[in-house]
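Asker: Below are the structure tokens for one structure; questions will follow.
Please treat every number below as a calculation from the coordinates, not as lab data. These numbers come from a predicted model, not from an experiment. A quick note on method: Cβ atoms are made from the backbone with ideal geometry, for glycine too, and the neighbour counts reach across all protein chains shown.
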Amino acid sequence: MESIDRIKQVQTIHGKIALLQGEIDKKKERIATAEDLLEELLQQSPPLNDRIMQGRSLTSKFELDVADMVDKITKSQKQLDKSTQASEFNGLKVQIAKFEDEKSSAEENLMLILEKIEEINKQIEDLTSRACQAKEQLDEVRVVVGDEIAEYQQEVTSLEGPLQEARDVTDPELLELFDRLFPGIGATVVVQAEGKICGGCHMSLSSQVVEKIQSKTAVVCCPICSRILC
Ligand SMILES: [Zn+2]
């Protein structure tokens with residue numbers, strides 16, 4: 001049956017194109033994965049930079065606090081040096097001790113903040129180097145995979161002419177049936193009946209169906225999976 005041979009030809013070319021398209025999609029996926037990785041790394045950078053900014057403003061605050069305390073201690077020390085009365089002397093001593101205490105705590109906070117900033121700076125450095133690597137990988141993947149995609153794309157394009165030719169000579173009704181089934185079934189829309197078994201779903205076919213196939217007078221579809229039998 002000639003029309004079956006023609007639809008089989010259509011199926012063969014559609015199948016090849018689908019395979020190539022599948023490969024192209026996989027390769028595009030590889031590029032997308034590399035892009036996602038880079039994007040994910042780049043997104044981690046702004047929050048770290050924000051924390052550095054916060055850290056710097058806290059550093060300034062604690063530095064001012066320390067300077068302020070040093071100032072107060074110096075003034076109180078001068079007053080202390082001039083003091084003649086015991087009560088004033090003791091009062092200033094207590095005040096100086098309080099200022100010293102506040103100065104120490106501001107210095108401690110300053111140290112902690114500086115350590116934290118250093119830690120975040122290391123994280124930024126690490127992130128930057130990882131992002132650089134990811135960018136290099138992405139560029140590489142884009143070049144290599146890009147070439148491969150172009151190659152496959154070219155093959156797909158070269159099949160478009162023969163496909164159209166094959167479709168043009170195929171019975172429109174058969175073509176319509178094929179186009180309806182192909183997206184779900186793929187390149188096994190037209191299958192051979194193997195004895196009394198459908199070559200697609202491997203279920204048993206009735207004798208009437210088998211006879212119809214053998215008579216080659218009409219298009220026969222598998223009653224179970226709807227594939228075109230030949
Ligand atoms: Zn079947």
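Asker: With only Lys, Arg, Asp and Glu charged, each at its Cβ (+1 for the first two, -1 for the last two), find how big the charge dipole of the range 130-187 is about the Cα centre; round to the nearest 20 debye.
Answerer: Around 400 debye, computed over the range 130-187.
Asker: With a Förster radius of 30 Å, plug the Cβ-Cβ distance of residue 155 and residue 36 into 1/(1 + (r/R0)^6) and report the FRET value to the nearest 0.05.
Answerer: After rounding to 0.05, the efficiency reads 0.60.
Asker: Here's a follow-up. Give the residue from 170, 197, 184 lying farthest towards the positive end of the charge dipole for the range 162-230; charges sit on Cβ (+1 for Lys and Arg, -1 for Asp and Glu) and the dipole is referred to the Cα centre.
Answerer: Of the candidates, 197 comes out farthest on the positive side.
Asker: Between 138, 60, 121, whose Cα lies farthest towards the positive end of the dipole of the range 54-162 when Lys and Arg beta carbons carry +1 and Asp and Glu beta carbons carry -1, centred on the Cα centre?
Answerer: 60
Asker: Are any of the pairs 28/216; 28/116; 16/212; 98/122; 16/216; 72/122 more than 32 Å apart by Cα-Cα distance, and if so, which?
Answerer: 28/216; 28/116; 98/122; 72/122
Asker: Can you give me the relative contact order of the range 2-136 as a percent, contacts being Cα pairs under 8 Å and 6 or more apart?
Answerer: Relative contact order here is 37 percent.
Asker: Find how many whole Å separate the alpha carbon centroid of the range 181-230 from the alpha carbon centroid of the range 1-64.
Answerer: 41
Asker: Explain nothing, just the number: relative contact order of the chain, from Cα pairs under 8 Å at least 6 residues apart, as a whole percent.
Answerer: 31
Asker: For the chain, give me every cysteine whose Cβ has no other Cys Cβ within less than 4.7 Å, ordered by residue number.
Answerer: 132, 221, 230
Asker: Roughly how big is the range 2-170's charge dipole about its Cα centre, with Cβ charges of +1 (Lys, Arg) and -1 (Asp, Glu), in debye to the nearest 20?
Answerer: Once rounded to the nearest 20, the dipole reads 760 debye.
Asker: What is the spin-label model distance, in nm, from residue 61 to residue 215 if the labels are put 7 Å beyond Cα along the C-beta direction?
Answerer: 9.3
Asker: Still on this model: Divide by every residue of the chain the summed helix terms, -39500 (n - 2.57) for each DSSP H run of at least 4, and state the resulting mean residue ellipticity at 222 nm, rounded to the nearest 500 deg cm²/dmol.
Answerer: -30500 deg cm²/dmol
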